[in-house]
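Enquirer: A single structure is presented below for examination.
The values are calculated or read from the model by the stated rules, or taken from the named source; none is laboratory data. Please read these numbers as outputs of a predicted model, since none were measured by experiment. As a convention, Cβ positions derive from the backbone with ideal geometry for all residues, glycine included, and neighbour counts pool all protein chains shown.
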Amino acid sequence: MAIRFSFLFFLFLFLLPACAMGPSSSREHVSLTPVSFSDLDGWKSDGPREALQAFSLSCVRLKKKSSWADVCDGAAKEPQTDEAARAFFETAFIPYRLEGDTGEEGLFTGYYAPELHGSLRRHGAYQTPLYAQPDDLISVDLGAFKPSLEGQKIKGRVRETSFVPYDKRALIVEGSLKKRAKPLVWVNDPVDAFFLEIQGSGRVRLDDGNVLNLGYANSNGQAYASVGRLLAQYDLLERPITMDLIRRWFATYPWRAEAVMNQNESYVFFRVLPNDDVLGAMNIALTPGRSLAVDSSYHTLGAPVWLETTDGKGAPFRRLMVAQDTCGAIKGVVRGDVFWGVGEEAAAQAGAMQNRGRAFVFLPKTMTPDDE
């Protein structure tokens, strides 16, 4: 069937809240039901050594919370074997089945660190800038002005004597930041740049042979919108929507790509990282296949989470993860994004993964669910 397109439909875009916008006003009810490790499908088959290593990295920050200090100290003393790791988790934690307003099943997707091609100077095909955080971007903690708004933040800039919202994506793409922000690098594909923002970090292989490792620095604070949801809403793509399908649609209709991408008003700024690590929201290195992006409104970053879902190739995915990252598109109690790493295989797994499943959060035995 031929696809007819009208720019008018963008006026009705359904917007999703961005991470920086704070918790949604309609919070889900969270239910935590204690279960035994024997209730976890595949628990004995998983090799949790890498999960223990990832959890130990999280403990750099997590152990500052008194309720996690003891288990973090215990993790540091464990031998690095699957058997020792499994025994540690069984001894130190209680698994709790997660349930939200829609029950115990939720959506699990994947993400990765893409590799782009770029140059430190603008020339030839390298026309799309990736910006560093602008000096005039200001983040305001609303709780400092009104206690009932604690935890909510807005971002903007000062224009004359007024504080105004920061530039939306469309303005930035048109060049509004030319004199206000420094391009870290110029890349050869605006679609690749867009997906780099969604992933939050990645690498740029420069035309001189060097590689820049880029990580998330900040965002403009505007609302995040899912272009996949938009394309599905107007029957331009069939569900389930995957990254690969969206890319193919952009490639088929390149003259429409910018207009579609601009409906996601959020724009991400980057920083150059000193090594090859991909950093998450905890500012620690993510572990491919073990790090999970979650909604921090409901989850403690650094906590172990057991997943029962399916990967991008349709194979059972029963694995212990660690909640180490966040993302604007990840909202809800039973919702997660699996980090697959860097490279083509990671991109293939991440792009195809969109499956229902269950999740169980591990809490120290010394804690109660009310402490979470």
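Enquirer: Among the listed residues ARG122, ARG169, ARG97, which satisfies the condition of being under 30 Å from GLU344 (Cα atoms), at pLDDT 95 or above and crowded, with 18+ Cβ neighbours inside 10 Å?
Expert: The conditions single out ARG169.
Enquirer: How many residues, within region 125-143, are within 24 Å of the chain's Cα centre (by Cα), exposed (fewer than 15 other Cβ atoms within 10 Å of the Cβ) and small (Gly, Ala, Ser)?
Expert: 1
Enquirer: Could you pull out the residue among VAL272, VAL278 that is at pLDDT below 90, closer than 20 Å to VAL211 by Cβ and of a type in the set (Val, Ile, Thr)?
Expert: Going through VAL272, VAL278 in turn, the sole match is VAL278.
Enquirer: Which one is farthest from the chain's Cα centre (by Cα) among residues in region 248-283 that are closer than 22 Å to ASP325 by Cβ and outside any loop (DSSP other than H, G, I, E, B)?
Expert: VAL272
Enquirer: Also, quick follow-up: Could you say which residue among ARG61, ARG49 is closer than 19 Å to PHE362 by Cα, free of Cβ contacts under 8 Å to residues at least 40 places away in the same chain and not aliphatic (A, V, I, L, M)? Can you show your working first?
Expert: On the way: ARG61 fails: free of Cβ contacts under 8 Å to residues at least 40 places away in the same chain.
Step by step, each of ARG61, ARG49 is checked, and only ARG49 is closer than 19 Å to PHE362 by Cα, free of Cβ contacts under 8 Å to residues at least 40 places away in the same chain and not aliphatic (A, V, I, L, M).
Enquirer: Among the listed residues ASP337, ASP325, identify the single one that is closer than 24 Å to GLU28 by Cα, acidic (Asp, Glu), touching a Cys at 6+ places or on another chain (Cβ under 6 Å) and crowded, with 22+ Cβ neighbours inside 10 Å. If you could, list the steps in order and put the result at the bottom.
Expert: Working: ASP325 fails: touching a Cys at 6+ places or on another chain (Cβ under 6 Å).
On inspection, the qualifying residue turns out to be ASP337.
Enquirer: Additional query: Filter region 43-83 down to residues that are acidic (Asp, Glu), in a helix (DSSP H, G or I) and surrounded by 14 or more Cβ atoms within 10 Å (Cβ to Cβ), then give me how many there are.
Expert: Within region 43-83, residues that are acidic (Asp, Glu), in a helix (DSSP H, G or I) and surrounded by 14 or more Cβ atoms within 10 Å (Cβ to Cβ) number 3.
Enquirer: Tell me whether region 200-214 contains one or more residues that are touching a Pro at 6+ places or on another chain (Cβ under 8 Å) and either more than 18 Å from VAL272 (Cβ to Cβ) or of a type in the set (Phe, Trp, Tyr) (or both).
Expert: No, region 200-214 contains no residue that is touching a Pro at 6+ places or on another chain (Cβ under 8 Å) and either more than 18 Å from VAL272 (Cβ to Cβ) or of a type in the set (Phe, Trp, Tyr) (or both).
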